[in-house]
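S.K.: Have a look at this one before I ask anything.
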Amino acid sequence: MKFTSNLLYVSALSMCIGLASCGKDDEPDLTSETSSDEASAEEVYSANSSFANYDSASNSLANIDVAATLVIVWDGSTVNVSGNADGVDVNADGGAVTVNSTTESVVEYVLRGASDNGSIKFYSDQKFVVTLDGLQLTSQTTSAINNQGKKSLYICLPEGTTSSLADAAVYTDTVAGEDCKACLFSEGQIIMSGNGTLNVSGNRRHAIATDDYLVVNDAVTLNVTKSVKDGIHTNDYVVFNAGNVNITTTGGDGIDCEGAIFVSDGTFNVSTSGLSAKAIKAVGDIYIVGGTFTLNTSGDAEWESGSGSSVDYSNAACLKTSGALNISGGNITATSTGKAGRGFAVGGDFNLSGGTSTVKTTGAACQLNSSSDYTVASGVKVKGNAVVTGGSLTATVSGQGAKAMKVAGTYTQSDGVLNMTASGSNAGSSSSGMWGSSSSSYSASAKGIKVTGAIKVSGGKLFGSSSKHEAIESKSTLDVTGGEVYGYSASDDGVNAASNFTIDGGFVCGYATGNDGLDANGNLYIKGGVVFAVGSSSPEMAVDANTEGGYKLYISGGTIMTVGPLESGASLTQACYSASSWSKGVKYAVTVGSDTYVFTTPTTTAGSGIVVSGASTPTLKSGVTVSGGTTHFDGVGALVANGTVSGGTSVTLSSYTASSGNMGGGGFHR
């Protein structure tokens, strides 16, 4: 017969899984992971290959044919067994129960009662079902439940029941050659179903562990109340189709998976406080399709080996994978408060297509000694490429040298919203001593978004902010053809590209009160789109290209508004105009054709005049008021498009030539 426990019928859940494929820096890579944190490419491939074989039907309790049921009841050190099953032998030594099964049929074991010195171990050649019917089992010598069989262990938690398991702090009842590393341990797979509650206390090592995979179905409530090491540890993949998971650990990780992780639904509250501990960790890819996550780490980074520029640290992280992190749904709140903690630490590619994620790190930088590199906090650190096609991700970091987002590969965005804010100071000092108070030559700069490869934005919103360094930085090229890009820096460039920077659509704002608004170390091309740029006072630029290196600013299209000059020597194929006068903290309206844009000049020392340009001759009014319309960017960089504009005074515009030496008639030299 199909499994129909007299306490609960477990319905099947079906799921379809689609597997996704997995310039010189201005500072050393101060956040390198150690070998203990990062798996090899071969290990990641193996982990993902195993997950590709996942079959939802075979992991559903509703599809199991149960041939016989045995009921085992504890009453202190007394154990009563009822029911019969051919090929099954149950022996009790006080509260310690051993089950030997050679049957080829599936047997259900219903476990009830209570014991403060009890345990159960299974030897089975066949998969079997364990129904925990309000069991209260504490072992003084070993695991509470131990499956030494290689086949699947199906655990049923009937609705309305609460079971609790606790193991010994020191295992004295062990068998040579047998693995026994958790309060609830299985050599084979663990499949959990039902709507009941299970409390697990891991006093020796892990709370729950399997040397194979784990699947959680239905609204199981799983509470790991204590774990010396990992709350959940698996040697293969983990699948959560549902469940309410609450894990608190003081030593190890919340969930440590040596395979891939797939989550389609459920609620997860995971907190870790150990050094370099991870709330959720996987060797393979992580897929988050749905669910609600509250992840917290408070442990500091931990020195692993080396010194100087070869020092290795292991960092705490809320989500850590050596493979790809794929988020297409769900709601994630990740908070890391320890030194050099991470929100998301991704060893492969980061793919964001849905859901809402909020990341916050507050930990300071960590340094072995004054002659060694720092390791710093990161909101999102990606060692591969980042691709954003939807969803929302907000990251705020406040520690020294912390970056809200750091991508070692390329960054591509076609939709979705990213908002990255770094409010911390820089860590250490550069060799030139330009910033920081330390005498060390090692340093780390706090940035909103840093991408080693190219940045390409065709849609969505990419916002970055930094109080001490670049808000958005590409160490390669930067191309915008659509969407919104906004970088605000109180100290350095708003948006910076180490090579060419091209704007051919969308809305782009670089707002800097201490340096250039938009800056390219190669050529900077404005061919289309809407551009609003604010630079610091002279000699800084609103829009800057590297003329010192033989490059140039080219303006051939788009609607442009700057508070501050354009790079001297620019090629202005499209005419540009400068305002005869301007004032700080005033709303200005620029009209080009049928479109009107309203911006506010800075109240700080930033800015040294207004330059405008458009496909047709623009007009400019000062002191306007605006209502309605569409607001692009935010904060001081807010730009209102096509609202209802009233009042104001017309401002005289004169031709702006890049070879001139002042705002009245031309550009400024750096």
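The values are calculated or read from the model by the stated rules, or taken from the named source; none is laboratory data. None of these values were measured; they are calculated from a predicted model. So basically every Cβ, Gly included, is an ideal-geometry build from the backbone, and we count neighbours across all protein chains shown. Just so you know, the surface numbers come from the protein's heavy atoms only, side chains and all, with ligands and any DNA or RNA stripped out. Shrake-Rupley method; radii C 1.70, N 1.55, O 1.52, S 1.80 Å.
S.K.: Report the calculated FRET efficiency for Ser646 and Lys527 (r = Cβ-Cβ distance, R0 = 30 Å), to the nearest 0.05. Walk me through the intermediate numbers first.
M.R.: Numbers: r = 33 Å, r/R0 = 1.10.
Here the calculated transfer efficiency is 0.35.
S.K.: Let me ask something else about it. Based on the Cβ-Cβ distance from Glu104 to Val175, what FRET efficiency comes out when R0 is 25 Å, to the nearest 0.05?
M.R.: Rounded to the nearest 0.05, the efficiency is 0.50.
S.K.: Within the stretch 158-175, what residues put their amide N at less than 15 Å from the label point 7 Å along the Cα-to-Cβ vector of Ala114?
M.R.: 162-166, by backbone N distance to the label point.
S.K.: Quick one: check the C-alpha center-to-center distance for the stretch 315-344 versus the stretch 158-178, whole angstrom.
M.R.: If you average the Cα positions of each part, the centres end up 30 Å apart.
S.K.: Let me ask something else about it. Using the alpha carbons of the stretch 85-179, what is the convex hull volume per residue in cubic angstrom, as a whole number?
M.R.: Value for the stretch 85-179: 99 Å³ per residue.
S.K.: When the Kirkwood hydrodynamic radius is evaluated over all pairs of different C-alpha atoms of the stretch 259-310, what value in angstrom, to one decimal, is obtained?
M.R.: 13.1 Å
S.K.: Roughly what would the spin-label model give for Thr619 and Gln126, points 7 Å off Cα along C-beta, in nm?
M.R.: Distance between the two pseudo-spin positions: 8.8 nm.
S.K.: How large a share of the accessible area of the chain, in percent, is made up of carbon and sulfur atoms when the probe is 1.4 Å and the other protein chains stay in place?
M.R.: Working: 10300 of 22580 Å².
C and S fraction of accessible area: 46 percent.
S.K.: Between the stretch 539-559 and the stretch 216-253, what's the alpha-carbon centroid distance in Å?
M.R.: With the stretch 539-559 and the stretch 216-253 each reduced to a Cα centre, they are spaced 54 Å.
S.K.: Separate question: Principal axis extents for the stretch 490-560, Cα atoms only, whole Å, descending order, please.
M.R.: Answer, in whole Å and largest first: 27, 26, 18 Å.
S.K.: Kirkwood hydrodynamic radius of the chain from all distinct Cα pairs, in Å?
M.R.: 27.2 Å
S.K.: Just from its helices, what would the mean residue ellipticity at 222 nm be for the chain, if runs of 4 or more DSSP H residues each count -39500 (n - 2.57) and the sum is divided by every residue, rounded to the nearest 500 deg cm²/dmol?
M.R.: Mean residue ellipticity at 222 nm (helix-derived): -500 deg cm²/dmol.
S.K.: Translational D (Stokes-Einstein, µm²/s) of the stretch 117-244 at 10 °C and 1.306 mPa s when Rh comes from the Kirkwood sum over C-alpha pairs?
M.R.: 113 µm²/s
S.K.: Moving to a separate point now. From zero up to wherever the largest Cα-Cα distance of the stretch 515-617 sits, split into 10 Å bins and tell me the percent of pairs in each.
M.R.: 17, 51, 29, 4
S.K.: Could you compute the FRET efficiency for Ala62 and Leu275, with r as their C-beta to C-beta distance and R0 at 41 Å, rounded to 0.05?
M.R.: With a Förster radius of 41 Å, E is 0.45.
S.K.: Moving to a separate point now. Could you state the accessible area per residue of the chain in Å², with a 1.4 Å probe and every protein chain left in place? Walk me through the numbers before you get to the answer.
M.R.: On the way: 22580 Å² over 670 residues.
Dividing the accessible area of the chain by its residue count gives 34 Å².
S.K.: For the stretch 440-577, take every pair of Cα atoms, bin their distances at 5 Å starting from 0, and report each bin as a whole percent.
M.R.: Reading upward from the zero bin: 3, 12, 22, 27, 21, 10, 3, 1, 1, 0.
S.K.: Between Ser305 and Asp93, what length comes free when the chain is fully extended (0.36 nm per residue of separation minus the Cα-Cα distance, one decimal in nm)?
M.R.: 71.5 nm
S.K.: Give, to the nearest whole percent, the P(r) tail of the stretch 575-641 beyond 18 angstrom, counting all Cα pairs.
M.R.: 35 percent
S.K.: Moving to a separate point now. Report, as a whole number in µm² per second, the diffusion coefficient that Stokes-Einstein gives for the stretch 71-133 at 25 °C and 0.890 mPa s using the Kirkwood radius over alpha carbon pairs.
M.R.: Result for D is 208 µm²/s.
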